[in-house]
Amino acid sequence: MAGLETESSRGRLKAVCFDMDGVIVDSEPVHYEADRRTMAAHSVEFTLENKQANYIGRTVRDTMFELSAIHGILDPEAVLRERQALFVELIATDLELRDGLRELLSQLAERAVPCALVTSGNRWYINSVFDRFGLASFFAGIVSVEDVSAHKPLPDPYLAGAKLLGVPPVQCAAIEDSTTGVASAKAAGMYCIAAPSESTLDADLSAADVRVESFREIGSAALDELFGVR
């Protein structure tokens, strides 16, 4: 990777918005397992290929309701409750931070760069992740699925994140791992860093401004350039 900064981004960025699933935590395998088991309980096979092609980056509610409609399950609300109960069990033991994430957050904090979380996750899930890994102090604001009426790939979540931070979207960087998330960030006018997780390595992230394979690629020099620190 030649560098994170471009002529248009160098020194103009003032804040960062992070996605959560696949960016903060390597959660996509846990989401898939909860989806798979829930569908299996209703005699539906839900493959990893289907998940990766059609549902990564979408809300859990949308996923469960769409699958219920496709397969003739009459009570999608009950399916959603089943799935969320199973997910709570799984995240208690099967969730880990992305490698290099804490170090990146610390470097941003040292530079007084404000950060927001912009996610399709629910507040209870966000709180459980923050409590488990001690992340709350790194984030000045949170945009959850409950906070906006339109979701990724529409720009609304990232526009809300920029508003929380008091920074114009054009001065925000977004870190995303999914096609849906990248589309949302770019639609909001943000500089987008694609950081694919294991589950999204083959996703089309070409709309992002730059791609990194590891957060450890985002070093001090790159941060100083991006955020105008000298």
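Since every read-out is calculated from the coordinates, none of them should be taken as a lab result. Model, not experiment: these values are computed from the prediction. We place every Cβ from the backbone using ideal geometry, glycine too, and count neighbours over all the protein chains shown.
Figures for the structure shown
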item	result
5 angstrom amide H check on D19, placed H, neighbours 5+ away	V118, I175
Three-way shape call for the range 28-94 based on the alpha-carbon gyration tensor, with the a/c threshold at 1.5	oblate
Under 27 Å from K163, Cα to Cα: lysines that are on another chain or at least 8 residues apart	K14, K152, K186
Option label - Kirkwood radius over Cα pairs in Å computed here, alternatives [x] 17.9; [y] 20.3; [z] 20.8	[x]
Cα gyration tensor category, rounded, prolate or oblate, for the range 176-230 with a/c compared to 1.5	oblate
Between the range 144-166 and the range 211-230, the Cα center-to-center distance that results, in Å	25
Calculated [θ] (222 nm, deg cm²/dmol) that DSSP helices of n ≥ 4 give over the chain, each run adding -39,500 (n - 2.57)	-12500 deg cm²/dmol
S128, S27, S43 arranged by Cβ crowding within 10 Å, fewest neighbours leading	S43, S128, S27
Relative contact order for the range 1-148, counting Cα pairs under 8 Å that sit 6 or more residues apart, in percent	32
Ranked S149, S220, criterion: other C-beta atoms within 10 Å, fewest first	S149, S220
Packing-based exposure ordering (other Cβ within 10 Å, fewest first) of L90, L117, L74	L74, L90, L117
Spacing of the two label points (7 Å from each Cα toward its C-beta) at R123 and H71, in nm	3.1
